[in-house]
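A.B. asks: Before I ask anything, let me first share the structure, which is written out below as structure tokens.
The values are calculated or read from the model by the stated rules, or taken from the named source; none is laboratory data. Just so it is clear, the structure is predicted and the values come from calculations on it, not from any experiment. Note that each Cβ is placed from the backbone with ideal geometry, even for glycine, and that neighbours are counted across all protein chains shown.
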Amino acid sequence: MAQVNPAAALANIWKTTELKDKILFTFICLVLYRLGSHVTVPGVDVVALTDFFANQGRGGGLLGLYDLFVGGGLSRATVFALGIMPYISSSIFVQIAGAVLPQVDKMQKEEEGRKRLNQWTRYITVGLAIVQAWGFALFTESLQGAVLNPGLGFKIQMVLFLTTGAVFVMWLGEQITERGIGNGASLIIFFSIVERFWPGIFNTFRYVNTGATNVVKLLVLGVLMIAVVAGVIAITVAARKVPIQIPQRTMARGRMREAAKNYIPLRINSAGVMPIIFAQSVIVVPGAIAQFSGNPVARDIADHFQPGSVWYFLCSAILIVFFTYFYTSIIFNPVDISDNLKKQGGFIPGVKPGAKTTEYIDEVMSRITLPGAIFLTFIALLPVFIADQINVPFRFGGTSLLIVVGVALDTITNMNQHLLLRKYDGFMKRGGRVRYRGGAGASVGGY
């Protein structure tokens, strides 16, 4: 199967007016987000705040991890300091509610119900942003010299600026999802993480020059990052191919001939990077609120979940596995696949159509999701542990690499679909078929 020239694929983007407009719109939204991430809230001494984060050591703990996902806005007290995290946290809450409450689950299946749930998500985002903004105001006041005029007026001002910023970022994310290319929330986190590359690279070279680390350790970390990227790509395209037969026959010189065999590709990691983002939100947001508050007990509890601690690794692993299954159950419906297959007259060899097919697909999906979730957890947490041992000046571990690589692959896939629908060559194999690990074959449309 012929390879596609990447330069030609890029040229085809500008021939596709709709795709070009989507990319430009997404780019403008992301530029607005990055501009707002450099506008400081009035009344805060940024130098004192950045000194605090710098003195926290490599990574900066939970606050440093939160700061990574908002592109450094927290350490600079910008109007977008909360970033997209309140919106993601509220989305998690609504989706979990749909899994445990039948009324919410019913609403998720109806058009009007989904609109109402989206509105609820926005309201929860505003409430959560207010709580986090108030906590951040208390936190900055607790730092000596960080606030010029502390008091109730400063707290109200901080809540107003940060909540407005969080709502605007939420709106930008929704606009990218609806009118741009890719998932808006994921792209915002993607660019927030990527922006931190260059300071980390420059600081690493300074560490080498001062002897804090050596070139050999740096090469080990580089090889590890390349391995993580390769692992992410491998697990993204890996799939279990379930063979199916459709009793369609064609005429060939007067003889009846069976149609080509097809299969349903069940991806090992159908959830993509969302389990990582969800897990980090669950760990970071409550921990950040505890750190923001002046309650010493809450801060002590949050200290036990600092990145690099045993409890952090344990909770991250459990949450990643949980959200992998949870998010897969949301986006993957074996009942719909079984019904579509039955409508086409197809069947899985040795399995009865209908309920038995649904049970079989669900069982296969449950089995292949477990190794995918474990592998996802492994490559998310192992680089963090090794980076601590190597002593590098930034916490850019497997979680960040997973998000960056995963979001990039999803965005390229969306662009590829737009090109193929308009008869252009995309970024993948000619014909638009992704060659899943395990052999060649043609996947059934819609699966």
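A.B. asks: Would segment 127-147 turn up any residue that is modelled with pLDDT of 90 or more, crowded, with 24+ Cβ neighbours inside 10 Å, within 23 Å of Val44 (Cβ to Cβ) and under 26 Å from the mean Cα position of the chain (by Cα)?
C.D. replies: Yes: segment 127-147 contains one or more residues that are modelled with pLDDT of 90 or more, crowded, with 24+ Cβ neighbours inside 10 Å, within 23 Å of Val44 (Cβ to Cβ) and under 26 Å from the mean Cα position of the chain (by Cα).
A.B. asks: Shifting gears a bit: When both residues are 6+ apart or on different chains and their Cβ atoms are under 7 Å apart, which pairs have a first residue that lies in segment 164-182 and is among the hydroxyl-bearing types (Ser, Thr, Tyr), and a second that is in a helix (DSSP H, G or I)?
C.D. replies: If the second residue must be in a helix (DSSP H, G or I), the pairs left are Thr177/Gly184.
A.B. asks: One residue is enough: does segment 395-411 have a residue meeting the conditions among the hydrophobic types (A, V, I, L, M, F, W, C), modelled with pLDDT under 55 and not in a helix (DSSP H, G or I)?
C.D. replies: Yes, there is a match, as at least one residue in segment 395-411 is among the hydrophobic types (A, V, I, L, M, F, W, C), modelled with pLDDT under 55 and not in a helix (DSSP H, G or I).
A.B. asks: Here is a list: Leu172, Leu187, Leu162. Which entry is at pLDDT 85 or above, buried (at least 19 other Cβ atoms within 10 Å of the Cβ) and more than 26 Å from Asp410 (Cα to Cα)?
C.D. replies: Leu162
A.B. asks: Further question: Just checking, which of Ala238, Ala212, Ala259 is in contact with a Lys or Arg (Cβ under 9 Å, 6 or more places away or on another chain) and at pLDDT 80 or above?
C.D. replies: Ala238
A.B. asks: Do we have Tyr87 as of a type outside the set (Asp, Glu), modelled with pLDDT of 90 or more and buried (at least 19 other Cβ atoms within 10 Å of the Cβ) here?
C.D. replies: Taking the combined requirement at face value, the residue satisfies it.
A.B. asks: Restricting to segment 10-45, what's the tally of residues that are in a helix (DSSP H, G or I) and either on the phi > 0 side of the Ramachandran plot or at pLDDT 85 or above (or both)?
C.D. replies: Narrowing segment 10-45 to residues in a helix (DSSP H, G or I): 10-15, 17-36.
When the remaining residues are screened for being either on the phi > 0 side of the Ramachandran plot or at pLDDT 85 or above (or both), the result is 21-36.
Residues flagged as in a helix (DSSP H, G or I) and either on the phi > 0 side of the Ramachandran plot or at pLDDT 85 or above (or both) within segment 10-45 amount to 16.
A.B. asks: Continuing with this model, one more query. Checking the structure you have, find out if any residue of segment 71-81 is part of a helix (DSSP H, G or I) and either of a type in the set (Lys, Arg) or at pLDDT 85 or above (or both).
C.D. replies: yes
A.B. asks: Of all residues in segment 349-363, which are in contact (Cβ under 8 Å) with a residue 12 or more places away in the chain and touching a helix residue (DSSP H, G or I) at 6+ places or on another chain (Cβ under 6 Å)?
C.D. replies: Matches in segment 349-363: Pro353, Thr357, Thr358, Ile361, Asp362.
A.B. asks: Hey, another quick one. Name every residue in segment 100-137 that is in contact with a Phe, Trp or Tyr (Cβ under 7 Å, 6 or more places away or on another chain) and of a type in the set (A, V, I, L, M), in order of residue number.
C.D. replies: Ile124, Ala137, listed by residue number.
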